Amino acid sequence: MRLYNSLTRKKEELVPLREGEVSIYACGVTVYDDCHVGHARGAVFFDVLRRFLEHRGLKVTYVRNFTDVDDKIIRRANEEGVSWREIADRYIEAHERDMGALGVRPATIEPKATDHVDEIVELVRDLEGRGLAYAAGGDVFYRVRRFADYGQLSGKRVDELESGARIEVNDVKEDPLDFALWKGSKPGEPAWESPWGPGRPGWHIECSAMSMKILGREFDIHGGGRDLLFPHHENEIAQSCGAGAGFAHCWVHNGFVNIDNEKMSKSLGNFFTIREILDRFPAEVVRLFLLSTHYRSPIDFSDRALTEARAAVDRVYTFLKQAEQGAAEGWREAPAALVAAVDGLEVDFDTAMDDDVNTAAALAAIFERVRLFNRVLTEGDGAAGRAAAAAMAAEVRRLGAVLGLFQDDPEGWFHAGVDLDEQEIEAKIAARLAAREAKDWARADAIRDELAGAGIVLEDGGGKTTWRRG
RNA sequence: GGCGACGUGGCCCAGUGGUAAGGCAGGGGCCUGCAAAGCCCUUAUCCCCGGUUCGAGUCCGGGCGUCGCCUCCA
């Protein structure tokens with residue numbers, strides 16, 4: 001497959017280091033608060049990338065870390081008067097709950113920075129020995145100008161960075177561009193012993209240390225949100241390649257979630273947490289929404305967009321509900337065009353996904369088939385046609401799984417989130433059926449209207465009446 | 001100021017030089033007791049101006065507009 005490599009700024013064929021295996025490191029979250037929809041986008045994207053590679057028969061080792069020691073965690077702990085560990089644990093748990101609810105599979109390995117302090121110290125010592133790091137006042141900094149390739153990933157030039165004058169002022173640094181590898185601890189702050197005195201890791205070093213520890217000094221894919229590209233990933237490259245590692249071959253960055261055309265972010269305060277959204281929309285709706293735009297483009301978050309995504313997911317489940325009523329036996333006897341449509345879905349799907357994870361095009365391939373086989377089902381194309389529709393449904397489910405979509409039971413999907421008691425609904429449907437048989441249309445419609453008022457939509461068809469949430 | 005991305009029908013969104021996928025919404029029709037769902041039909045000078053090419057939404061240049069990174073941020 002081809003993936004856009006931020007390092008070379010073009011799509012490149014993914015050629016794994018070890019045949020048949022792919023190693024991925026994606027930067028996770030700093031656990032100091034609940035995750036919002038922006039975090040969900042990154043998590044869902046890498047989840048889908050991983051599932052697709054597995055679908056293609058590759059063995060994927062997917063690492064996603066937790067940054068569990070950091071200034072923001074400490075600040076939050078101080079505000080609440082609890083330990084930093086308590087804050088970190090609380091939000092790791094919240095992250096697992098929210099991502100799990102979104103259908104994001106746990107990564108193969110989910111390391112925490114604080115479990116890898118030894119490796120971090122070791123890496124900093126290595127850099128110090130190479131003259132790329134220096135201790136100053138209990139801290140250790142990276143000597144940015146010593147690393148010739150600095151700026152390669154972000155396309156920034158060291159001289160231009162300095163003129164920006166937006167760099168942290170710090171008297172002990174040799175150069176304003178230098179960044180912290182190790183931070184000396186003040187009393188009461190989390191601290192680990194080190195050659196430079198008690199302290200804790202800087203932000204960027206943990207990802208270098210953990211990725212190389214777990215995946216090796218050279219691995220296939222490293223990624224995260226676009227905003228991590230600079231300085232975080234640039235600094236990781238400086239740290240790892242500075243220490244002589246080959247490091248990541250392909251850098252993959254997902255775009256932002258916007259609100260009213262503006263980046264959703266903590267600092268702007270214009271965010272919705274995953275939990276808030278899942279309160280109002282099913283996980284699959286959120287996933288389809290996130291996957292309906294290419295991962296590198298910005299995506300605008302709105303109620304309207306979510307509502308449209310819900311209608312789209314409903315459309316697929318409506319098809320599955322109809323198509324799965326029959327068996328797929330003998331479907332190859334169906335007209336050639338239908339057989340080709342079934343066989344062609346995986347081809348179209350894979351072609352789209354092979355091209356830099358084009359989930360929007362992959363979804364389009366599914367929707368094309370939904371329309372085609374809805375026609376087959378309404379026009380009653382005989383037993384073979386119905387069998388082909390059932391076969392198509394099975395393919396939609398199999399490939400939907402790669403996106404983490406369309407795995408629910410249609411009835412469960414359409415009945416979820418309804419307040420009324422199901423037996424009560426069935427009783428009203430039976431009463432309406434009696435009225436219809438007596439041709440008492442006024443009474444039949446009154447019952448339907450009553451249910452509609454409770455958000456229940458009735459559908460007559462195939463001699464039966466079914467219901468779903470509106 | 002430096003670097004970069006984007007601008008496709010009413011809305012969202014795909015499109016790897018050869019006359020535009022898909023979703024949502026609207027209108028008309030079929031089906032239905034009426035509906036709902038489904039199906040059929042229906043709407044695009046691809047931001048503007050130049051250029052390259054037999055041919056450009058797709059490549060190049062300029063303009064306008066929007067956004068992002070350069071500071072913690074998925």
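The values are calculated or read from the model by the stated rules, or taken from the named source; none is laboratory data. Nothing here was measured: the structure is a model prediction, and the numbers come from that model. Please note: Cβ atoms are built from the backbone with ideal geometry, for glycine as well, and neighbour counts cover all protein chains shown.
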- Message: Would you confirm whether or not the stretch A:285-293 contains a residue that is part of a loop (DSSP other than H, G, I, E, B), within 10 Å of RNA strand B (Cβ to nearest atom) and either assigned by TED's automatic domain parsing to the domain that holds A:V44 or within 30 Å of A:L127 (Cβ to Cβ) (or both)?
- Response: no
- Within the stretch A:6-27, of all residues that are within 21 Å of A:C241 (Cα to Cα) and in contact with a Phe, Trp or Tyr (Cβ under 6 Å, 6 or more places away or on another chain), the one farthest from RNA strand B (Cβ to nearest atom) is A:S23
- So, first residue over 17 Å from A:R468 (Cβ atoms) in the stretch A:425-438, second residue assigned to a helix (DSSP H, G or I) and of a type in the set (D, E), Cβ within less than 6 Å, six or more apart or across chains; the pairs are none
- Note on the structure: From the option list A:G38, A:G20, A:G42, single residue qualifying as more than 20 Å from A:W203 (Cβ to Cβ), at pLDDT 95 or above and small (G, A, S) is A:G20
- Note on the structure: Subset of the stretch A:150-167, residues among the acidic types (D, E) and either at pLDDT 85 or above or closer than 30 Å to A:I221 by Cβ (or both), comes to A:E160
- Message: Checking the condition surrounded by 21 or more Cβ atoms within 10 Å (Cβ to Cβ) and assigned to a helix (DSSP H, G or I), which residue from A:H204, A:H232, A:H253, A:H222 passes?
- Response: A:H204
- Quick count over the stretch A:440-470, residues being in a loop (DSSP other than H, G, I, E, B) and either within 23 Å of A:E284 (Cα to Cα) or at pLDDT 95 or above (or both), is 3
- The residue from A:A383, A:A393, A:A401, A:A362 that alone is assigned to a helix (DSSP H, G or I), assigned by TED's automatic domain parsing to the domain that holds A:A336, touching a residue at least 24 places away in the same chain (Cβ under 8 Å) and more than 30 Å from the chain's Cα centre (by Cα) is A:A383
- Message: If A:V457 meets every condition in (1) of a type outside the set (K, R); (2) surrounded by fewer than 14 Cβ atoms within 10 Å (Cβ to Cβ); (3) over 30 Å from A:A365 (Cβ atoms) apart from one, which number is that one?
- Response: (3)
- Among the listed residues A:F141, A:F147, which satisfies the condition of being out of contact with any helix residue (DSSP H, G or I) (no Cβ under 7 Å at 6 or more places or on another chain) and either assigned by TED's automatic domain parsing to the domain that holds A:A245 or modelled with pLDDT of 90 or more (or both)? A:F141
- Item | Pairs where the first residue, in the stretch A:216-241, is closer than 16 Å to A:G151 by Cβ and the second is of a type in the set (V, I, T) and buried (at least 19 other Cβ atoms within 10 Å of the Cβ), C-beta under 8 Å, 6+ apart | A:A238/A:V144; A:Q239/A:I205
- Task: State yes or no: is A:R310 out of contact with any Pro (no Cβ under 7 Å at 6 or more places or on another chain), within 9 Å of RNA strand B (Cβ to nearest atom), not assigned by TED's automatic domain parsing to the domain that holds A:G223 and not in a loop (DSSP other than H, G, I, E, B)?
- Result: yes
- the stretch A:415-448 - residue that is near RNA strand B (Cβ under 10 Å from one of its atoms) and closer than 22 Å to A:T318 by Cβ and, of those, nearest to the chain's Cα centre (by Cα): A:R448
- Could you tell me which residue of the stretch A:396-414 is surrounded by the most Cβ atoms within 10 Å (Cβ to Cβ), considering only residues that are of a type in the set (D, E, K, R) and more than 16 Å from RNA strand B (Cβ to nearest atom)? A:D408
- Message: Kindly evaluate A:L102 against the criterion of being at pLDDT 95 or above and under 21 Å from A:M212 (Cα atoms).
- Response: no
- Scan the stretch A:256-272 residue by residue and report those that are of a type outside the set (A, V, I, L, M, F, W, C) and either outside any loop (DSSP other than H, G, I, E, B) or within 7 Å of RNA strand B (Cβ to nearest atom) (or both). A:N258, A:N261, A:E262, A:K263, A:S265, A:K266, A:S267
- When A:G151 is run through (1) assigned to a strand (DSSP E or B); (2) crowded, with 19+ Cβ neighbours inside 10 Å, the failure sits at (1)
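To keep it simple, each residue is scored yes or no on (1) surrounded by fewer than 18 Cβ atoms within 10 Å (Cβ to Cβ); (2) within 13 Å of RNA strand B (Cβ to nearest atom); (3) under 27 Å from A:R105 (Cα atoms).
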| residue | (1), (2), (3) |
| --- | --- |
| A:A323 | no, yes, no |
| A:E346 | yes, no, yes |
| A:T359 | no, yes, yes |
| A:A362 | no, yes, yes |
| A:R369 | no, yes, no |
| A:T378 | yes, yes, no |
| A:M392 | no, yes, yes |
